[in-house]
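Peer 1: Below is a structure I'd like to ask you about.
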Amino acid sequence: MQVRAEQIKEQLGLGLKPVYLISGDEPLQVMEVADAVRATAKQQGFSERALLNVDPQFDWSLLLAASEALSLFSQQKLLDMRLHSCKIGAAGSKALQQYLAHPPTDKLLLIQAGRLDKACRAAAWVKAIEQQGVLVQVWDLSPPQALAWLAKRMREADLKPTEAAVRYLAEHVEGNLLAAVQEINKLKLLYPNEVLSLEQMAAAISDSSRFTVFDLADAILAQDLKRLQHILQVLKDEDTALPLLVWALGDLLRQLYEAGENQRHQRSNQALIMRLPKNRQGPFQAAVKRMERANWPSLFKRLAVLDQHSKGVGTDVSRHPERLWDGVFDMALALMGKRLFAV
């Protein structure tokens, strides 16, 4: 069966299944779901634990050996397996299916993995786990979900933040729930059982946002100027290589140009759009419409100059990093439709 991360405690209350697979890239939620499974297993007598780290050289016979081995100090054992990749090969798939065909009653198998791609999601061993046990797929929270998650987490910590304070925290720990928990624990010590204002929040927390150059495209497509500025500031503070940012802008520019050309020649953009993450598909189509009258030669020329300058070459290259970051910002604005220069 499949359950959501927030449903795991309810499911565990109905009785343990022989196997649990927890997948996802958000570390805090994965960790907390796994901790809930371990805690329940320990309460029910699975007091011994064997850790199995699965890398490309892993010997899958160790799984069957562990399943058949007698526990030294208890009658029940938790087999805690960590997959470095969901692509475990024929040997791994066969071993897991063999294990699940007759799961030992004195063992509980807990598997943690990164996000399952489409191929892994359809793999026979994943289907076998769904039939015999529980699959929990952890997804990154959208901005509204993250806001609700933070508000709930703060209430559980006996904090009473204003709405503005919660939004401020969300902006400063975006994408990093581990950092959010650390900040909430600190706030609990500083402001227990009192209304937490925006000013108090700003004075207490540090900026723990976690961004990559790929987040630039999301902010640009959404025309979210405030988020764009925040992302660029965080990347700048982290000394992100400017050529990497220019590459990300160029990738988005080329996608928008290709989509625009398809429309002008009455070709479908379906294949191009389907390659994008689902949350980006709608904003991308809106951006294509927004850029119908863009001066593409000017944009590509400006990008080429910015690329040269970011690598310290070309004519009139600025030796001041601030000027180069301004150039990245201007290019992002052009793609957003909020232009500081003519295109």
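Peer 1: Looking only at segment 247-265, which residues are of a type in the set (D, E, K, R) and free of Cβ contacts under 8 Å to residues at least 12 places away in the same chain?
Peer 2: If the condition is that a residue be of a type in the set (D, E, K, R) and free of Cβ contacts under 8 Å to residues at least 12 places away in the same chain, then Arg254, Glu261, Arg264 are the ones that fit.
Peer 1: Still on this structure: Of the residues Gln57, Gln112, Gln44, Gln2, which single one is touching a helix residue (DSSP H, G or I) at 6+ places or on another chain (Cβ under 8 Å) and open to solvent by 80 Å² or more (accessible area, probe 1.4 Å)?
Peer 2: Step by step, each of Gln57, Gln112, Gln44, Gln2 is checked, and only Gln2 is touching a helix residue (DSSP H, G or I) at 6+ places or on another chain (Cβ under 8 Å) and open to solvent by 80 Å² or more (accessible area, probe 1.4 Å).
Peer 1: In this structure, does Ala91 turn out to be in contact with a Phe, Trp or Tyr (Cβ under 9 Å, 6 or more places away or on another chain) and over 25 Å from Val3 (Cβ atoms)?
Peer 2: Yes, satisfied.
Peer 1: Could you list all residues from segment 125-149 that are in contact (Cβ under 8 Å) with a residue 24 or more places away in the chain, farther than 16 Å from Pro103 by Cβ and part of a helix (DSSP H, G or I)?
Peer 2: Passing the criteria: Pro143, Ala146, Trp149.
Peer 1: Something else now. Given the residues Leu306, Leu272, Leu324, Leu335, which is the only one that is assigned to a helix (DSSP H, G or I), at pLDDT 90 or above and under 21 Å from Asp215 (Cβ atoms)?
Peer 2: Leu335
Peer 1: Let me ask something additional. Hey, among Ala50, Ala91, Ala66, Ala119, which residue is among the small types (Gly, Ala, Ser), in a helix (DSSP H, G or I) and surrounded by 13 or more Cβ atoms within 10 Å (Cβ to Cβ)?
Peer 2: Ala66
Peer 1: Only one residue in Arg293, Arg280 is within 19 Å of Val213 (Cβ to Cβ), at pLDDT below 90 and among the basic types (Lys, Arg). Which one?
Peer 2: Arg280
Okay, residues lined up against (1) on the phi < 0 side of the Ramachandran plot; (2) surrounded by 14 or more Cβ atoms within 10 Å (Cβ to Cβ); (3) hydrophobic (A, V, I, L, M, F, W, C):
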{"residue": "Gln233", "(1), (2), (3)": "yes, yes, no"}
{"residue": "Leu253", "(1), (2), (3)": "yes, yes, yes"}
{"residue": "Leu256", "(1), (2), (3)": "yes, yes, yes"}
{"residue": "Arg267", "(1), (2), (3)": "yes, no, no"}
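The values are calculated or read from the model by the stated rules, or taken from the named source; none is laboratory data. Please read all numbers here as calculations on a predicted model, not as lab measurements. Cβ coordinates were reconstructed from backbone atoms using ideal geometry, including for glycine residues, and neighbour counts include every protein chain displayed. Ligands, DNA and RNA are stripped out before the accessible areas are found, and what is left, the full protein with its side chains, is counted by its heavy atoms. Shrake-Rupley method; radii C 1.70, N 1.55, O 1.52, S 1.80 Å.
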